[in-house]
Amino acid sequence: MKAPADRRLQLEQTWSDKPGLWGFLTTVDHKRIAARYIVTAMLLMFLAGMLALDMRWQLSVPENTRMTPQLFNESFSLHGSTMLFLVSVPLMEALGLWLVPLMLGQRNMAFPRLSAFSFWLYLGGVMTLWVAHALDITPDLGWFEYPPLSGPSYSPGHRADIWAQMITFTEVAALAASVNIAVTILKMRPPGMTLARMPVFLWAQLISSLMTILSMPAIMLVTSMLIADRMVSTHFFAPAGGGDVLLFQHLFWFFGHPEVYIIFIPATGFVSQIVETFSRRPLFGHSVVVLAIMAIGALAFGLWVHHMFAVGLPRLGNNFYTAASMAIALPAGLQIFCWIATMWSGRPWLATPMLWVIGFIATFVIGGLSGIMTASAALDLQLTDTYFIVAHFHYVLIGGAIFPLFGAFCYWYPKATGRLMSERWGRWAFVLIVGGFNLGFFPMHFLGLMGMPRRVYTYPPGMGWDLLNQVATAGSAISVLGGLVFVGNALWSFWRGEHAGSDPWRGSTLEWAGLSPTPPYNLAYTPAVTSLTPMWNGGDPLRAYDGIALERREVLITSVADAAPLYRQRSASASVWPFLSAIAVTAMFLGSIFTPWAVAIGSVPIAAALIGWFWPQRERTMTGLLRKRR
Amino acid sequence: MLIMTASVRGTERRTSIGANLAVACLIALACAGCSQEARNVGPTVPQTRPRDGADPRIALYQANVDQVAQGGRYFAWYGCQACHGESATGVRNLADGQWRHGGDFDQVFASIADRHGALRYAVRVPPEQLWQLTAYARDLPLHTPEKLHRQAVDQRAEPVGNSWSGPQ
């Protein structure tokens, strides 16, 4: 899609941010916001990885004294909370924020300012947890902080509050991002991209966004109840006062289980796109993959109790949740067979993104098999709280989400930066990370079967656990080394990498239609979609529409099912209000750790900031408060 | 040229003062954070009684939320709330801020250890636990009745004493 230079210049002028700090604070460009999300989350992944390495160091020999029990508690709590709430979920959303408009051939998200607000609040959550850590007020009760241990009597001080409030931050941020992504996908598809012609990535983002919208309120509710118990002495989780500690676990896992699929489902989207492009054929069984994602999304809400088999629920109830947990292996298996069939019947090209997909399939299948074992209530009673569980969830989360994410990173890196990552260093990183990961986590299955419990800071000699622990430590060190190679490769390629051109992989979807790195306006024209793989299209050129304004920010709105053009919509311009609103919300959230009055007093600046944000503008009003702001 | 250099120097000085201030603030914050919330799980040295109301060890207990909370646990386990529970009145009410034998740390410590007659807490309760109990008792007046009630509710639910629900 070549566009004349004056058209590009005009678009560039309309969609660029102001230079400097002001532009940085006010931007609503989905690409810049997503890049911030990704860089922040990658940095946190590094920090949490260092914590993991430190814990592995502590566990490498029996009765090690590198860590005190308290430091160990803090380390695994911080590691888990960071990886789940501040790395995995935000990274998946960030990829959505960055890629959804590109894959739709749109100029921006449906709610541009909401994207900015989402990032600033996420940053607030990051700072809440990690600045508190720097001040030695680290949450130390695991990533789920069950009461009564986290209640007012047993966790004095503010460690548990910091954790609970960090959740509030990240969940508001996640909800903002999810609403944005869902609306963008449903209402802003290019003409011709009916629901049936939507790439799997968009389906995955849509469904995981809907899952986020349905599940996150549970965790916000439950952490708010915990904060209320701790601060204003309510009795939600006080059994002798009529409360119930199991209520916390149910609500937590009603969110917590969908959460792992909120992390996994976008990864299936990455995998589908990568497999399609690198097998040089349309994805095998597109509808099957999409229906499998829907099935996973639905089933994910019906099996949270398998995290609670050991708390003593009625056996018939446990059976139900065992069956539901095993049922999810079906759609997951269908997807894997579709990807394998695509590769089998295509002409696979083993570039690094594809290597990551193969690493993902191998690792995730192992994690899925141990998942079927832990899904059985009878076996789970033996395995729960042992290293078997640690092995299982690292296989499914790292194997199932982080490996595809690395693949996605390599795949879309040239689109974001205009340069290719080094294939040679990419292969080294792949071998080190996947090899080190399997060396590090596979022995944990055996450690768990031998009875080594989770969350112990040390163990006595003579348990027979020494060798396997040392192997695990060596594996995680190799893995971290691989991570450094990966990041080093990304940084080096950013300045020195080979120029990529607009479509180095000859990809199948619309994000490859534009320039790399993507200009602020994305595509110069609105693409017209006639197939599932619009960039291939049987060799036909990509057709395009014109008619969206060039001199003001405007986007095309289409109908939900058929993507028929409906109307042109003004797209919000850059604004500092999302940033100011996020600061006001941050002040309220942080204040409410210390006093309930912060909720009442803190809502005043929030209201002021939101009024500024939503101040109406009337084109025809020349004077007064409603005149169009310059 | 000279003026320019001077102004540059001036900026430098200002920046360094600013940086120093920032560092000082951070250190102050860090110290304020670490002592109040420090949670030491390992064993500590055996304790003797507080020498007087200005014993330097007092802050380690009175100003640390975990030591105070641990005192609350012993408060329940030694059955203190049988007499000093929420409904206690008069001299037995510890939450009213009135101390018959003085409210200093050493005085409250002595009241617990020596003034309970045949219960002989000075002998039956290890010194460190007495420190924690004292810190807890002196902490009680600082909280709202709702908070004290919430704590009592949690303590009631613990399977200790009469509410023991485990193996007999």
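The values are calculated or read from the model by the stated rules, or taken from the named source; none is laboratory data. Just so you know, these numbers come straight off a predicted model, no measurement behind them. Every residue, glycine as well, gets a Cβ built from its backbone with ideal geometry; the counts of neighbours run over all protein chains shown. Only protein heavy atoms, including side chains, enter the accessible area calculation; ligands, DNA and RNA are left aside. Shrake-Rupley method; radii C 1.70, N 1.55, O 1.52, S 1.80 Å.
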query: the stretch A:75-146 to the stretch A:274-296: how many Å between their Cα centroids?
result: 28 Å
message: I'd like the Karplus ³J(HN,Hα) series for the stretch A:305-322: coefficients 6.51, -1.76, 1.60, θ = phi - 60°, whole numbers in Hz, and an x wherever there's a Gly or Pro.
response: 5, 5, 7, 10, 4, 7, 7, x, 8, x, 5, 4, x, 4, 4, 4, 6, 4
- line: Residues whose built amide H sits under 5 Å from the amide H of A:A528, excluding neighbours closer than 5 in sequence, are A:R543, A:A544, A:Y545
field: Sequence-distant residues sharing a close amide H with A:T386 (under 5 Å, placed H)
entry: A:R454
By average C-beta atoms within 10 angstrom, highest first, the peptides A:29-40, A:196-207, A:312-323: A:196-207, A:29-40, A:312-323
field: DSSP loop GluC sites (Glu not before Pro) with at most 10 other Cβ within 10 Å: longest gap in chain A
entry: A:64-550
- request: Starting at the first residue of the stretch B:63-72, write each ³J(HN,Hα) from the Karplus equation 6.51 cos²θ - 1.76 cosθ + 1.60 with θ = phi - 60°, in whole Hz, x for Gly and Pro.
  value: 9, 10, 5, 6, 5, 4, 5, 4, x, x
message: Quick check on the stretch B:58-161: take the gyration tensor over C-alpha atoms, sort the square-rooted eigenvalues as a ≥ b ≥ c, and tell me if it's rounded (a/c under 1.5), prolate or oblate.
response: rounded
- prompt: Counting DSSP beta bridges with both partners in the protein assembly as shown, what percentage is antiparallel, nearest 5?
  reply: 90 percent
field: Heavy-atom accessible area per residue - chain A, 1.4 Å, Å²
entry: 39 Å²
- prompt: Any idea what the relative contact order of the stretch B:58-161 is, in percent, if you count C-alpha pairs under 8 Å spaced at least 6 apart?
  reply: 39 percent
message: List, by residue number, every residue in the stretch A:211-234 with a reduction of 30 Å² or greater in accessible area between the chain on its own and the complete protein assembly, 1.4 Å probe.
response: A:S233
message: Can you find, among B:S87, B:L60, B:T134, the residue sitting farthest towards the positive end of the charge dipole of the stretch B:58-161, where Lys and Arg contribute +1 and Asp and Glu -1 at Cβ?
response: B:S87
- line: Residue-normalised value, i.e. accessible area per residue, for the stretch B:58-161 at 1.4 Å probe, in Å², stands at 50 Å²
- line: Classified through the alpha carbon gyration tensor (a ≥ b ≥ c as square roots of its eigenvalues; rounded if a/c is under 1.5, else prolate when a/b is larger than b/c, else oblate), chain A comes out oblate
- request: Amide H neighbours of A:N64 under 5 Å, at least 5 residues apart or on other chains, H built in the peptide plane: list them.
  value: A:Y459
message: Show me you know the interface measure: the accessible area buried between B and A, both chains summed, probe 1.4 Å, in Å² to the nearest 100.
response: 2000 Å²
task: Rank these residues by their accessible area, most exposed first, probe 1.4 Å: A:F169, A:F579.
output: A:F579, A:F169
- prompt: For A:K415, which lysines qualify as cross-link partners when the Cα separation must be under 19 Å and same-chain residues fewer than eight apart are set aside?
  reply: A:K2, A:K31
message: Going by Cα centres, the stretch B:102-168 and the stretch A:1-63 are how many Å apart?
response: 53 Å
- prompt: Residue separation times 0.36 nm, minus the C-alpha to C-alpha distance between A:E63 and A:A228: what's the value?
  reply: 55.5 nm
message: Please report the carbon-and-sulfur percent of the accessible area for the protein assembly as shown; probe 1.4 Å, protein heavy atoms only, DNA, RNA and ligands left out.
response: 67 percent
task: Have a look at A:G80, A:A110, A:Y459 and report the one farthest towards the positive end of the charge dipole of the protein assembly as shown, computed about the Cα centre with Cβ charges (Lys/Arg +1, Asp/Glu -1).
output: A:A110
- line: Treating only Lys and Arg (+1) and Asp and Glu (-1) as charged, each at its beta carbon, one finds that chain A has a dipole about its Cα centre, in Debye to the nearest 20, of 2100 debye
message: Distance between the C-alpha centers of the stretch B:80-95 and the stretch A:337-376? Whole Å please.
response: 65 Å
message: Going Cα to Cα from A:K187, which aspartates and glutamates come in below 16 Å? Please leave out same-chain ones fewer than 8 positions away.
response: A:E554, A:D562
field: Residues in the stretch A:32-72 occluded by at least 30 Å² - accessible area, probe radius 1.4 Å, against chain by itself
entry: A:Q70
message: In whole Hz and in residue order, list the ³J(HN,Hα) couplings for the stretch A:536-543 that follow from phi through the Karplus curve 6.51 cos²θ - 1.76 cosθ + 1.60, θ = phi - 60°; x for Gly and Pro.
response: 9, 6, x, x, 6, x, 6, 8
